[in-house]
Amino acid sequence: MVGRIAVLTGGGDAPGLNAVIRAIVKTAVRQYGMEVIGFRDGFKGVMENNFYPLTEKEVSGILPRGGTILGTTNRDNPFHYQVAKGQFADRSDQCIETIKKHADVLIVIGGDGSLAIAHDLARKGLPVVGCPKTIDNDLAVGQAKTFGFDTAYAFATEALDRLHSTAESHHRVIVLEVMGRYAGHIALYSGLAGGADIILIPEIPFHYHKIAAKIQERLDHNKRFSLVVAAEGAKPVDGQMVVSKMIADSTDPVRLGGIGEVVAHKLEELTGIETRVTVLGHLQRGGSPTPLDRILATLYGAAAVDFVARGAFGQVVSLDEDQVVPIPLSEVAKGIRRVDAQGEMVLTAKKVGISFGD
């Protein structure tokens, strides 16, 4: 019987993390009489034996707060743990020993990197349950949205609304670079909601001359400005994604970024129109979660404790319509969920005149 749950948040932060933590604590205490502890800063806290009790008092008032009260990091993978500069070792046994010393089960709130670690720990016998978290909406959890995504693309949509007026006033092309890594969900949803003229996503490699032709088409119809949304992982046909830097000890060592500047420079060269760039960056991660993300996070957190109570370990919480469903960690660890280039969202965008440069 489970008496104590350990919780950690791993990877990049996302709006709704605190709502999940709150739901876990409240459900564990009120429904099952369980205790909850939280490891600080993801798996780093486990490796450093750094944790504290999570009581209802600790989670009071955190529902609307962005970030995570536990702290997070996308480093300190226990299977590839830095023991000295440039030297890494498998410290997963130490990780499991620490968790089992203080708790009966671990709930990992994270994205593909953290959940891949959770899967590996589960394979070594640790009771684990996963909660899907990412603003990128790229986790392979069926058709369910991940919490954090709604807030991220809502913010990007607001940015497009604001950029629309300044682009129109100055007769410019403005490129908005958004996050998403290897998936274009944020760019696609915000571009459709924000009235972008061009959307560039990793799933549809683009031609510069076709983007320029779209801008010229708008000029021919007396539209003297254009808005481009570029996912950070977008790339031209026969080109490469733009990498800003590499971080060796991270669960996701590749840091994408810079495609906005590359696209803007090329478009100005091809069209002769002044082109500016706005990079939203970490603004997409911060701030208070939307009502939908608060609800999703609360559903996932409460369901994770239900999974624990009935011994459904090695599973990630997901939704099918409004029904909570388990998805094996092994399935989530296989790869990411990308935009369907032939799906309804892309087809709808094309029907209303949005170009993908293909």
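The residues of the stretch 253-287 that are out of contact with any Gly (no Cβ under 6 Å at 6 or more places or on another chain), surrounded by fewer than 19 Cβ atoms within 10 Å (Cβ to Cβ) and of a type in the set (A, V, I, L, M), listed by number, are VAL254, LEU270, ILE273, LEU283. Identification of strands (runs of 3 or more DSSP E) wholly contained in the stretch 1-97 with 1 or more residues that are of a type in the set (Phe, Trp, Tyr) and surrounded by 22 or more Cβ atoms within 10 Å (Cβ to Cβ) yields 35-39.
Out of VAL324, VAL317, I need the residue that is surrounded by fewer than 17 Cβ atoms within 10 Å (Cβ to Cβ), assigned to a strand (DSSP E or B), touching a residue at least 24 places away in the same chain (Cβ under 8 Å) and among the aliphatic types (A, V, I, L, M). Which one?
Unique residue meeting the criteria: VAL324.
Exactly one residue among SER250, SER244, SER355 is crowded, with 16+ Cβ neighbours inside 10 Å, at pLDDT below 95 and either among the small types (Gly, Ala, Ser) or touching a helix residue (DSSP H, G or I) at 6+ places or on another chain (Cβ under 8 Å) (or both), and that residue is SER250. Does THR290 count as surrounded by 14 or more Cβ atoms within 10 Å (Cβ to Cβ), in contact with a His (Cβ under 9 Å, 6 or more places away or on another chain) and of a type in the set (Ser, Thr, Tyr)? It is false that THR290 is surrounded by 14 or more Cβ atoms within 10 Å (Cβ to Cβ), in contact with a His (Cβ under 9 Å, 6 or more places away or on another chain) and of a type in the set (Ser, Thr, Tyr). Looking across GLY130, GLY142, one residue alone is in a loop (DSSP other than H, G, I, E, B), small (Gly, Ala, Ser), in contact with a strand residue (DSSP E or B) (Cβ under 6 Å, 6 or more places away or on another chain) and under 30 Å from LEU329 (Cα atoms). It is GLY142.
Can you confirm whether the stretch 234-257 contains a residue that is without any contact (Cβ under 8 Å) to a residue 60 or more places away in the chain, among the acidic types (Asp, Glu) and either in contact with a Lys or Arg (Cβ under 9 Å, 6 or more places away or on another chain) or more than 30 Å from ALA212 (Cα to Cα) (or both)? No, the stretch 234-257 contains no residue that is without any contact (Cβ under 8 Å) to a residue 60 or more places away in the chain, among the acidic types (Asp, Glu) and either in contact with a Lys or Arg (Cβ under 9 Å, 6 or more places away or on another chain) or more than 30 Å from ALA212 (Cα to Cα) (or both).
When VAL175 is tested against (1) under 26 Å from ALA302 (Cβ atoms); (2) surrounded by 20 or more Cβ atoms within 10 Å (Cβ to Cβ); (3) aliphatic (A, V, I, L, M), just one condition goes unmet, and that condition is (1). In a helix (DSSP H, G or I), at pLDDT 95 or above, out of contact with any His (no Cβ under 9 Å at 6 or more places or on another chain) and closer than 23 Å to ARG162 by Cβ, is that true of LEU267? Criteria met by LEU267. Whenever a residue of the stretch 67-81 is within 20 Å of GLU97 (Cβ to Cβ), its partners that are of a type in the set (Phe, Trp, Tyr), lying with C-beta atoms within less than 6 angstrom and at least six residues away or across chains, give the pairs ASP76/PHE43; PRO78/PHE43; HIS80/PHE88.
The values are calculated or read from the model by the stated rules, or taken from the named source; none is laboratory data. Remember, it's a predicted structure, so these values are computed and weren't measured experimentally. Note that each Cβ is placed from the backbone with ideal geometry, even for glycine, and that neighbours are counted across all protein chains shown.
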